[in-house]
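Below you'll find the structure, written out as structure tokens, and then a few comments.
Coordinate-derived values only; no laboratory data. Quantities reported herein were computed from a predicted structural model and do not represent experimental measurements. Virtual Cβ from ideal backbone geometry, glycine too; neighbours counted across all protein chains shown.
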Amino acid sequence: MNAPHTNTPAAAPSSDVRSEEMLLNMGPQHPSTHGVFRVVIRTDGEIVLDSESHVGYLHRCFEKHCESVSFLQSVLYTDRLDYLTSMGNNLAFSMAVERLYPDLKIPERAEHIRVICAELNRIASHLLAIGTYGMDIGAITPFLYCFRDREKILSIFESICGQRLNYNYVRPGGVAYDIDDSMIAAIKDFCGYFRPKAQEYDDLLSNNDIFVRRTANVGVLPKDLAISYGVTGPSLRGSGLKRDLRRDAPYSIYDRFKFDIPVGTGEKGTLGDCYDRYMVRVREMIESLKIVEQAVAQIPDGPFKSEQLKGKLRPPKGESFVRVENSRGELGFYVISDGKDVAARVKCRAPSFHNISLLSDISKGCMIADMVAIIGSLDIVMGEVDR
Amino acid sequence: MTTPYTLVDWVLGDGAGWLARFIGAILVWAVPITGFVSFVGLLSIWLERKISAHIQCRLGPMEVGPHGALQTVADGVKLLAKEDIIPADADRILFAFAPMLAFAGTIVGFAVVPFGPGLIVADLDIGLFYLAAVGSLEAIGVIAAGWASNNKWSLFGSVRAATQVVSYEIPMGLAFVTIAALAGTLSMVGIVEQQQGWIANWFLFRNPFTWVAFIIYYIAALAECKRAPFDLPEAESELVSGFHTEYSGMRFAIFFLAEYAQMYVVSAVAAVLFLGGWYTGIAPLDAAIGGGTAGMVVGAGVIVTKSFLLVCVQMWLRWTLPRIRLDQMMYLCLKVLMPFGMLTLVGSTVWEHFLPSPAIVKDGGGWTGNTVMTGVVVAAIGTVALVAYVRSVIRATPSLRAASNS
Amino acid sequence: MDWSTIMWWVMAAVTVIPAVMIVLSKDIVRLAFWLLASLTGVAGLYILLGADFLGFTQVLVYIGGIMVLILFGIMMTNRDAVLMRRGETSGGAMLTGVVIAAATALALLKVVKDTKWKEAAPVDMPATTARVGESLLTDYVLPFELVSVLLLIVLCGAAYIARRRPEET
Amino acid sequence: MTPEKIHDALNAAHPGAVLAFDPNPKLPSIKVAPSAWKAAAKTLRDACGLDYLVCLTSVDRGAELEAIYTLETMGETRAPIHVRVLVPRENPVIPTVEDVWRTADWHEREAWDLMGIVFEGHHNLVRILCAEDWEGHPLRKDYKSPDTYHGIKNNVT
């Protein structure tokens, strides 16, 4: 059971190495690896011959933590997984815990608040993804535009739960605090504000010729490869597969809302290229906005958390597996409870972990600049890759 | 019109009193030019910050001085005080030498850039050729920096810089030759003086091909300055910071200053070659100002303003456009700019053969058949391009497409 | 000593000292930069001779083009091979080098000694650029064009050789 | 395919491979013998269309270590089915399925890293999240975190 512990590709002896090949260490500290992610690239000039990904620099034993702190405290740690979509993480973990109870009803108002928060968070997360993607390609200004709009969402979240990034807001049984009319008004304001602003991203990036040439036909991810690697979320939909858990396996109250699922069309290049993945995110923001508008319009009065879950959380013995469609793909939690107030085992199925694992397959033969474009288009968050 | 003198004359002079001339040249030109370069650097960096900030819905520096005008000075002081870090495995001599080489390569360009009528260090008879020759010196400094850092990312940056600068010298040279063929001289002052009079005398409006030459020159100049979308040698999202990744403190500041000084040089050259140099383009106004000190001051103001406007366009482009890829950069140079540059050279000479410009009419003039024809052709091409652009935008935007179909 | 003589000595020093350093340097990149300095000196000598166009052609072609390409080539090869710091020079190679250098030096000295140098009176040196341009496009237009065609052929040949053939990849 | 049909198909293709079946709609699961797992995985992917390995969960069950493979069809969605493979703690060896689902590559490395399950035939079974020279498998229940790591003190109270 002693597996070999060599983790770096052996450098070829310098005597018989072809002179133009070079091993290039991209990361763990590099502006475009979106966190501490390391790729060892074998290059021939600017061409990437081969690459090997190394993850784990941000490993902090999330799953082990969950085995030593209570269920409610574990929600806090889920914030730090995909720290750009904390609402979705909270939601997934809370639903996994809730499913351990045989007959638990979540109040309607709480479900609506959850959906509003999750979708607003998806917009915020996609805004960051688009902005940083522009920056990877070399356009710095769209990043600031995206941050300007993302700030508005973060301010709404701050007024809802007092936090701007790690919300710890959605909890088993409901949400932590109720929202009031001023917050609903702010959300409505944002919906009116954001729709025309979304055009700016198209003007600056989507229709920019240089941007199109840098992303179209680059990093093409064929559908079968994506399926084999378990890629989900916008990266999968960019390859043309219309799969979204919000529609295919509706959780919470997503089956009540009307929205489209944008998929890649290969409009500027090949189906499944970086441009398609980028475009899916741009279009998804508008769809999320539709959901928010509908949910805000029909939010009912009532309690914001379940009365059944008073006191210390002590789910009955059992196992549950729940997935939600997070902004980067399907986030799943496998929770095993043995009847105590501490989980026996929590396993996190992180979308970025799957999405980044195929990097070396789709980056062969591209240029170093494309490597950056591909990593950016997969939109990973190392927090959930390394957990 | 002053006669440009040869470099030999300028270097050797009349043989007597050379030491006095040498010291005099230092006092009269070297010190003010260095000061001017520093001023251009400070002003451009401040402009870049403010322009980028306003493009990005920000304010930019606001605290140090009015509207942050002294921020760059403060940063300069900070950079001076910073530790001078040389990586352990770097080639220390080259590492120290590289920024100086880059800066020197830039600053020698100022020798033939006029700052106004009579305000030129050396009006060489091969001024334009001199510019083309020294333009590549900065690249040597950049290459040395990338190599000496002993860092693979820096090396990539310097190799990219070498590729880019050497390649874009060719279309730039073609644009130079187009103008030189029209002007019949390589002297910068001589070229400016041919554009005296009304705005129609500017080389930009001389014939339709000079428009193309201007565009080619400006794109090539962006590449020579390594400005976005040609900032591949620095490319902070790909190469960390490219050739100056390992540089810090004052050595970095010198690279920085060299970049901004070069931006000014290429813009000033564009103003000289295409935009009438120190002439306002309004013949009576130029005549009213006349020569002498007033002409010198106004002329200096005009040419510096034109140059800074072009510098601002560079900044505008940088904060709007993404970066192109290495192969696209080479494609643009070899398959777009070079054929168009050759076409421009041939077309411009053929046009002048059939529709020769009149001799320079100092007090106006220039509104000839050539001008009219140039205007017609440029307007026609512009209209076609505009229509094509609007159509492509409509095609690319689903909502507009639907509206135009219904 | 007048200005022109001083400039001549300066330029000669800028040419010769780096040339010696090229021989003595063991680091290929340093060597390339010494070559750069030496070429600059040669350009300076051209300018002193009144051939300013030729001088700046030297700068444009050799420093701007060829030096960059040399550096380019050196940097793309293996750094350990380039540094050659631990490289050993065998005695035989050293001896051969000395013999060849001495023979060349002797031959050059003999040429210098045997040449009947004419003391030319200093002439006023007019601008060369216009004359270079004129002669290229009038008297020497055929050789000029032939050389361009030759260079074009060289370019095509280089591109052909450099291209990786399908079976090689 | 419903869990029942998958179970039937698996049973028909590999008699004796299926050790238990739990059709609980919340968490349908099939227990498969480790020796038959590789062949069963191919059947599940090719015959049952389960082309998507959602997740690989490793669990410490005391005397045994368990690997839970959550499988699904990418094209259509229903509750995923869970395949449980249990191996003895002393000799936790499971045949690799990285050539069946490519996701399994990293997931198996993770399960080896954190739980110490050996995936036989994996081409590069090395630690993925912990440091290369880390000792032990942190998610096992009897794991004691070391007091020092390269001179860095741990467990400081």
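Using C-alpha pairs under 8 Å with a sequence gap of at least 6, the mean separation divided by the residue count of chain A gives a relative contact order of 26 percent. Round to the nearest 0.05 the FRET efficiency obtained for B:Met330 and A:Lys64 when R0 = 51 Å and r is the Cβ-Cβ distance. Plugging the Cβ-Cβ distance into 1/(1 + (r/R0)^6) gives 0.50. Out of every Cα-Cα pair that the protein assembly as shown contains, those further apart than 42 angstrom amount to 52 percent. Scaling against 2.2 N^0.38 Å puts the C-alpha radius of gyration of the stretch A:313-387 at 1.49. Peptide B:141-153 is shielded by partner chain Cβ atoms: per residue, an average of 3 of them sit within 10 Å of its Cβ.
Mean per-residue shielding of peptide A:363-369 is 4, counting Cβ atoms of other chains within 10 Å of each Cβ.
Give me the log10 of I(q) over I(0) for the stretch D:62-129 at q = 0.19, 0.26, 0.27 Å⁻¹, as the Debye formula computes it from C-alpha points; what are the numbers? The Cα Debye sum returns log10 ratios of -0.76, -1.19, -1.24. Spin-label model, D:Ser145/B:Ile93: points 7 Å from Cα along the beta carbon direction are separated by 5.3 nm.
Take each residue of peptide A:39-46, count the partner chain Cβ atoms within 10 Å of its Cβ, and average: the result is 2. Gyration tensor analysis over the Cα atoms of chain D returns equivalent ellipsoid semi-axes of 32, 15, 14 Å (largest first, whole Å). Across q = 0.07 Å⁻¹, chain B modelled as identical point scatterers on its alpha-carbon atoms has Debye log10 I(q)/I(0) values of -0.37, in the order of the q list.
Comparing B:Gln195, B:Gln164, B:Gln56 in a Gaussian network model of chain B, where Cα atoms under 10 Å apart are tied by springs, the biggest mean-square fluctuation is seen for B:Gln56.
Under a model in which nothing but the beta-carbon of Lys, Arg (+1) and Asp, Glu (-1) is charged, the protein assembly as shown shows a dipole of about 1320 debye around its Cα centre. Straight-line reach from A:Lys290: taking Cα to Cα under 29 Å and skipping same-chain neighbours fewer than 8 places apart, the lysines in range are A:Lys105, A:Lys152, A:Lys188, A:Lys197, A:Lys223, A:Lys242, A:Lys258, A:Lys268, A:Lys305. Hand me the tally of lysine pairs in the stretch B:82-395: alpha carbons under 30 angstrom apart, and the pair either on different chains or 8 or more positions apart. The number of close lysine pairs in the stretch B:82-395 is 7. Taking the DSSP beta bridges with both ends in the protein assembly as shown, the antiparallel portion is around 85 percent. A simple charge model with +1 on the Cβ of Lys and Arg, -1 on the Cβ of Asp and Glu and nothing else charged puts the dipole of the stretch A:64-144 at about 60 debye relative to its Cα centre. Cross-link reach is defined here as a Cα-Cα straight distance under 29 Å, omitting same-chain residues fewer than 8 places apart; for D:Lys153 the lysines meeting it are A:Lys64, A:Lys347, D:Lys141, D:Lys144.
Separation of the stretch A:214-248 and the stretch C:1-48 by C-alpha centroid, Å? A separation of 61 Å, based on Cα centres. Packing-based ranking of A:86-92, D:82-88 yields A:86-92, D:82-88, ordered from highest to lowest mean Cβ neighbour count within 10 Å. Subtracting the Cα-Cα distance of C:Ile22 and C:Ala130 from their residue separation scaled by 0.36 nm leaves 35.3 nm. Just so you know, the averaged projected area of the alpha carbon convex hull for chain A sits at 20.1 nm². For chain B, modelled as a GNM whose springs connect Cα atoms under 10 angstrom apart, the maximal fluctuation among B:Ser241, B:Ser392, B:Ser307 occurs at B:Ser392. In the protein assembly as shown, a dipole from Cβ-located charges (positive for Lys and Arg, negative for Asp and Glu) runs towards its positive end, and of B:Phe203, A:Ser86, A:Leu100 it is A:Leu100 whose Cα lies farthest in that direction.
Structure remark: mean-square fluctuation, Gaussian network model of chain B, C-alpha springs under 10 Å; the largest value among B:Ala133, B:Ala258, B:Ala223 belongs to B:Ala133. Computed over chain D, relative contact order equals 17 percent, with contacts defined as Cα pairs under 8 Å that lie 6+ residues apart.
A Cβ-based charge dipole, computed about the Cα centre of chain B with Lys and Arg at +1 and Asp and Glu at -1, lands at about 1140 debye. Qualifying chymotrypsin sites (Phe, Trp or Tyr not before Pro) in the stretch A:66-175, where qualification requires a DSSP coil assignment and no more than 12 other C-beta atoms within 10 Å, are lacking entirely.
Descending by average beta-carbon neighbour count within 10 Å, the peptides A:245-251, B:74-80 line up as A:245-251, B:74-80, the highest first. Sparse packing (at most 11 other Cβ atoms within 10 Å of the Cβ) combined with a DSSP loop state is found for the following trypsin sites (Lys or Arg not before Pro) in the stretch A:252-310: A:Lys258, A:Lys310. The packing ranking, built from the mean of other Cβ atoms within 10 Å per residue, places the peptides B:106-115, D:124-133 in the order B:106-115, D:124-133, highest first. Quick one: compute the contact order of chain B, relative version, from alpha carbon pairs under 8 angstrom and 6+ residues apart, as a percent. Relative contact order comes out at 21 percent. Summarising the amide proton neighbourhood of A:Arg171: residues at separation of 5 or more, or on other chains, whose placed amide H is nearer than 5 Å comprise A:Ala176.
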